[in-house]
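Here the structure is laid out as structure tokens; the discussion comes afterwards.
The values are calculated or read from the model by the stated rules, or taken from the named source; none is laboratory data. All figures in this text were calculated on a predicted structure; none of them were measured in a lab. Note that each Cβ is placed from the backbone with ideal geometry, even for glycine, and that neighbours are counted across all protein chains shown. All accessible areas refer to the heavy atoms of the entire protein, side chains included, with ligands and DNA or RNA removed. Shrake-Rupley method; radii C 1.70, N 1.55, O 1.52, S 1.80 Å.
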Amino acid sequence: MGRARRHHGFSEQWERFMRTHTPERRGLGTRRLGAVQIVFFVVAAAGPLYAIAGGVSATYAVTGSIGVPLSFVVLAPVLALFAAGYAAMSRYITNAGAFYPYVAHGIGKSAGTGVAYVTVVAYSSIQLGIYGIFGLSVSTWLGTLFGVHVPWWLIALLTVLVVGAAGVLRIDLNAKVLGVALALEVAVLVVADAGMFAHPAGGHVSLTPLSPSSLFTAGVGAVFAFSIAVFLGFEGAATYGEECRDPSRTVGRATYIAIGLTAVLFVVSSLGMAVATGPDHIVERAVAEGPGLLFGLTGEHLGPVFSHVAYVLFLTSQCAAMLSFHNAVGRYFFALGRDGLLPVGFSRTSKRTGAPIGGSLVQTTIAFVVVAVFALAGRDPFTDLFTWTGVTASTGVTIIMIAVSLSVVGFFRRHPGTETRWRRLIAPLLATLALSVILVLIVAHFDVLLGPAGANPLLRWGLPGLLVLAGLVGFLRGESLRTLRPDVYAGIGGPVREVEELMSR
């Protein structure tokens with residue numbers, strides 16, 4: 001009887017939540033996704049090949065540190081600590097808004113709204129940056145192979161439209177496309193790593209980049225800032241919770257798999273690059289060759305044909321990341337529109353595919369406008385668009401993960417559930433501490449992360465200030481709803497599963 005009353009109470013809570021919103025409010029498509037398919041999305045968002053060719057090379061070049069491989073070894077356990085609480089909370093809250101419902105139920109609804117706005121800015125930023133580097137990469141490739149000059153911005157704008165169209169397709173179809181792209185990327189990286197380790201500079205494999213003295217120098221803050229940016233995407237599993245076949249288990253599994261897979265790829269590949277060039281020369285070559293370093297090394301040791309194939313997959317890797325981030329941002333807009341935190345049109349879904357067509361169209365429009373503005377202003381797609389948006393995104397996601405870790409502690413104080421003390425308290429607190437240190441390092445070295453533009457105080461403080469502003473606007477939006485629309489305020493973040501309801505599955 002007690003369990004039946006609890007389950008009935010959950011049903012009534014969900015029905016009240018549904019009635020809070022307009023009749024047009026829809027859920028997302030049917031539950032088509034399993035853990036493996038979600039891994040495709042979140043690892044594709046990290047874009048292993050483009051992250052290594054672009055992000056790792058940039059980390060070596062900008063920081064001047066040879067300890068980049070060790071930074072991934074150190075960072076992966078920190079992310080796993082975060083995932084312990086994140087996965088535990090995902091058993092009780094299933095919402096396309098992912099992070100902000102967690103904060104809404106763990107800290108407070110207004111705080112959750114603030115995190116929601118920060119999340120939209122952060123995830124939109126990283127996708128915008130990828131459009132810039134993709135336009136440049138394709139333009140360079142066409143010019144090198146065919147002698148054809150196509151402006152980067154034209155390629156980027158066309159890509160915005162293509163990704164926008166793909167964003168309203170069935171989610172499982174997108175997962176299949178990303179799965180194929182990811183499998184090819186991993187295969188190329190495995191072969192490339194084997195080739196680099198088989199041809200070490202000086203005739204022997206040096207493990208100097210894994211020594212603590214190589215990483216923990218004056219530039220360690222910048223290294224960690226870049227490294228966490230390279231990892232971006234792993235934390236997005238909960239975004240697809242409403243489309244999972246078993247969200248109480250799938251989100252956690254997908255997150256752990258994503259962290260493990262990307263960590264191994266990043267450690268081995270970044271070390272392989274240092275081994276092939278020699279630790280004493282990796283920074284010099286990264287500065288000179290940039291993203292071309294990986295392909296130059298594969299060309300030297302595996303032949304030009306393999307190098308060309310790898311570069312094409314470098315391009316498709318960026319496409320996969322753009323599609324993955326577009327899907328994530330579209331679902332954030334959907335959830336915010338559904339909860340009354342943004343116009344209700346943002347929550348519109350496709351009757352045919354169940355995709356968040358409203359959020360997808362909004363994200364497509366934003367991307368088109370921003371790319372056009374950078375093009376008209378004559379800004380560089382890599383040093384300006386990609387770099388500025390990338391460091392803004394990594395800062396925002398670090399802030400969000402800290403808020404979520406604190407929310408786990410707050411949530412389980414009110415909903416003890418059946419989670420272990422490790423998952424509901426110890427791991428989240430350790431994650432909060434470690435991520436706070438990383439955030440301080442990111443902000444302290446923000447000028448380094450911006451490269452030449454770091455001397456501009458407007459950018460140095462304006463970009464992280466944008467995240468603070470977004471959080472403040474969101475918090476005030478939540479407070480205004482508390483006063484003016486208490487019915488809408490009560491529905492922020494959706495319902496929470498009862499413990500008995502979970503145990504009855």
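Candidates Phe72, Phe41: the one that is modelled with pLDDT of 90 or more, touching a Ser or Thr at 6+ places or on another chain (Cβ under 7 Å), open to solvent by less than 20 Å² (accessible area, probe 1.4 Å) and part of a helix (DSSP H, G or I) is Phe72. Taken over region 369-423, the residue count meeting the criterion of being open to solvent by less than 20 Å² (accessible area, probe 1.4 Å), of a type in the set (Ser, Thr, Tyr) and over 28 Å from Val78 (Cβ atoms) is 0.
Taking Asp280 as meeting all but one of (1) closer than 23 Å to Pro69 by Cβ; (2) in a helix (DSSP H, G or I), write down the number of the exception. Single failed check for Asp280: (2). Filtering Gly129, Gly85 for residues that are within 16 Å of the chain's Cα centre (by Cα), more than 23 Å from Leu472 (Cβ to Cβ) and buried (at least 24 other Cβ atoms within 10 Å of the Cβ) leaves a single hit, Gly129.
Between Ala218, Ala225, the distinction of being open to solvent by less than 10 Å² (accessible area, probe 1.4 Å), modelled with pLDDT of 70 or more and among the aliphatic types (A, V, I, L, M) belongs to Ala225 only.
Residues in region 394-416 that are without any contact (Cβ under 8 Å) to a residue 60 or more places away in the chain and touching a helix residue (DSSP H, G or I) at 6+ places or on another chain (Cβ under 6 Å): Ile402 only. If the condition is being modelled with pLDDT under 85, within 15 Å of Glu419 (Cβ to Cβ) and small (Gly, Ala, Ser), then region 89-110 contributes only Ser90.
Among the residues of region 105-140, those identified as farther than 19 Å from Ser347 by Cα, small (Gly, Ala, Ser) and assigned to a helix (DSSP H, G or I) are Gly106, Ser110, Ala111, Ala122, Ser125, Gly129, Gly132, Gly135, Ser137, Ser139. Among the residues making up region 469-499, those that are closer than 20 Å to Gly106 by Cα, open to solvent by 50 Å² or more (accessible area, probe 1.4 Å) and in a helix (DSSP H, G or I) are Leu472, Val473, Phe475, Leu476, Arg477, Glu479, Arg482, Pro486, Asp487, Ala490. If you scan region 281-307, which residues turn out to be open to solvent by 50 Å² or more (accessible area, probe 1.4 Å), farther than 12 Å from Ala192 by Cα and touching a residue at least 12 places away in the same chain (Cβ under 8 Å)? Residues satisfying the conditions are His281, Val287, Glu289. Taking the numbered list (1) in a helix (DSSP H, G or I); (2) modelled with pLDDT of 90 or more; (3) polar (S, T, N, Q) in turn, Ser206 passes all entries but (1).
Name every residue in region 441-452 that is touching a residue at least 60 places away in the same chain (Cβ under 8 Å) and open to solvent by 10 Å² or more (accessible area, probe 1.4 Å), in order of residue number. Across region 441-452, the qualifying residues are Leu441, Ala444, His445, Val448, Gly451, Pro452. Being farther than 14 Å from Leu463 by Cβ and either part of a loop (DSSP other than H, G, I, E, B) or small (Gly, Ala, Ser) (or both) is the filter here; which residues of region 380-422 pass it? Within region 380-422, Asp380, Ala403, Ser405, Ser407, Gly410, His415, Pro416, Gly417, Thr418, Glu419, Thr420 qualify. So is Val397 at pLDDT below 95 and over 13 Å from Met89 (Cα atoms) or not? For Val397, the condition - at pLDDT below 95 and over 13 Å from Met89 (Cα atoms) - is met.
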